[in-house]
Amino acid sequence: MTLAIIGGSGFDQLPDFAIVERRKVSTPYGPPSAPLSLGKYCGSKVVFLPRHGGDHSIAPHGINYRANIYALKDAGVTEVIALAAVGGISPDFPARSIAIPHQIIDYTSAREHTFYDGGPASNSYVDDKVNHIDFTEPYDQSLRLRLIQAAQHAAIEVKDSGVYAVTQGPRLETAAEIDRMEKDGAEIVGMTAMPEAALARELDLRYASIALVANAAAGRGSQELTTATIDANLAATADDALAILEQFISRF
Ligand code: HPA
């Protein structure tokens, strides 16, 4: 098993990660967000990729998700833990809490969202047929459970479920959009779980996420939504997310 960590907002670098090699790779879809960082984290081999680029310059809709997932597969990765900043729609997901989401509702548009686009195989990991992957459970159940156990061992409270609404961004939502998502059943909202999770499934990578609630979603809190507040809340939960990762890596 080789583990990859995809860093989201607030995690363009992984503290205490001993990088052995920075590997610049190319893929049939173009370059990934950054060179892959290969190294040791808590004594184990880990591949790290910052989703928004090493300097956080790539917006959610501009991320080359196919290149990122392909590059990880090509590096021999079998499991992916994705760190993700989200807004809380339900009061069960207050700012500065952490969730291990179990479901996704996709509201994104115009993203390159599949390796199976009907033509000849676009890479060596897929065949040339159209393939309808089973996505009933978008997150890998065994990986989710291990993350939840890791959080328990680290004595960090996490919500062990969450329906993640994925929006196109980069703007935040309107209050009415959040109302609609809540009616749909969404509990948290972010911009990057799709197509990342589906592409991982298409290439047979086990994928789960640690979602850091950075703010109350639009219309749900009393505070104005500013980047400064979001960043401050992410910084306040970063250590907890890292502690979960550390437990995960040392135990599993
Ligand atoms: N909406 C969408 N994405 C986000 C949010 C939000 O409120 N907070 C952090 N990422």
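Has region 14-23 got at least one residue that is under 20 Å from Tyr207 (Cα atoms) and of a type outside the set (Lys, Arg)?
Restricting attention to region 14-23, the residues satisfying the condition of being under 20 Å from Tyr207 (Cα atoms) are 14.
Adding the requirement that they be of a type outside the set (Lys, Arg) leaves 14.
The answer is yes, given that some residue of region 14-23 is under 20 Å from Tyr207 (Cα atoms) and of a type outside the set (Lys, Arg).
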Strands (runs of 3 or more DSSP E) contained in region 1-76 and holding at least 1 residues over 25 Å from Arg251 (Cα atoms): 18-23
Test: residue in region 211-233 that is surrounded by 18 or more Cβ atoms within 10 Å (Cβ to Cβ) and more than 10 Å from the ligand (Cβ to nearest atom): no
Residue that is nearest to the ligand (Cβ to nearest atom) [pool: residues in region 99-110 that are assigned to a loop (DSSP other than H, G, I, E, B) and open to solvent by less than 20 Å² (accessible area, probe 1.4 Å)]: Pro101
Unmet criterion (only one of (1) at negative phi; (2) part of a loop (DSSP other than H, G, I, E, B); (3) small (Gly, Ala, Ser)) for Ala150: (2)
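Within region 225-235, is even one residue under 18 Å from Val47 (Cβ atoms), charged (D, E, K, R), in contact (Cβ under 8 Å) with a residue 24 or more places away in the chain and not in a loop (DSSP other than H, G, I, E, B)? Talk me through it step by step, then tell me what you get.
Of region 225-235, the ones under 18 Å from Val47 (Cβ atoms) are none.
No.
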Unmet criterion (only one of (1) within 14 Å of the ligand (Cβ to nearest atom); (2) assigned to a loop (DSSP other than H, G, I, E, B)) for Ala82: (2)
In region 166-205, the residues that are of a type in the set (A, V, I, L, M), near the ligand (Cβ under 10 Å from one of its atoms) and more than 20 Å from the chain's Cα centre (by Cα): Ile178
Qualifying residue in region 164-184 (condition: more than 28 Å from Ile69 (Cα to Cα) and not in a helix (DSSP H, G or I)): yes
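Which is within 24 Å of Phe11 (Cα to Cα), open to solvent by less than 40 Å² (accessible area, probe 1.4 Å) and not in a strand (DSSP E or B), of Arg96, Arg144? Write out each step before concluding.
On the way: Arg96 fails: open to solvent by less than 40 Å² (accessible area, probe 1.4 Å).
Just one listed residue meets the conditions, Arg144.
The values are calculated or read from the model by the stated rules, or taken from the named source; none is laboratory data. In this text the structure is predicted, and so the values were computed from the model without any measurement. Because the Cβ atoms are built from the backbone with ideal geometry, glycine has one as well, and the counts that use them run over all protein chains shown. All accessible areas refer to the heavy atoms of the entire protein, side chains included, with ligands and DNA or RNA removed. Shrake-Rupley method; radii C 1.70, N 1.55, O 1.52, S 1.80 Å.
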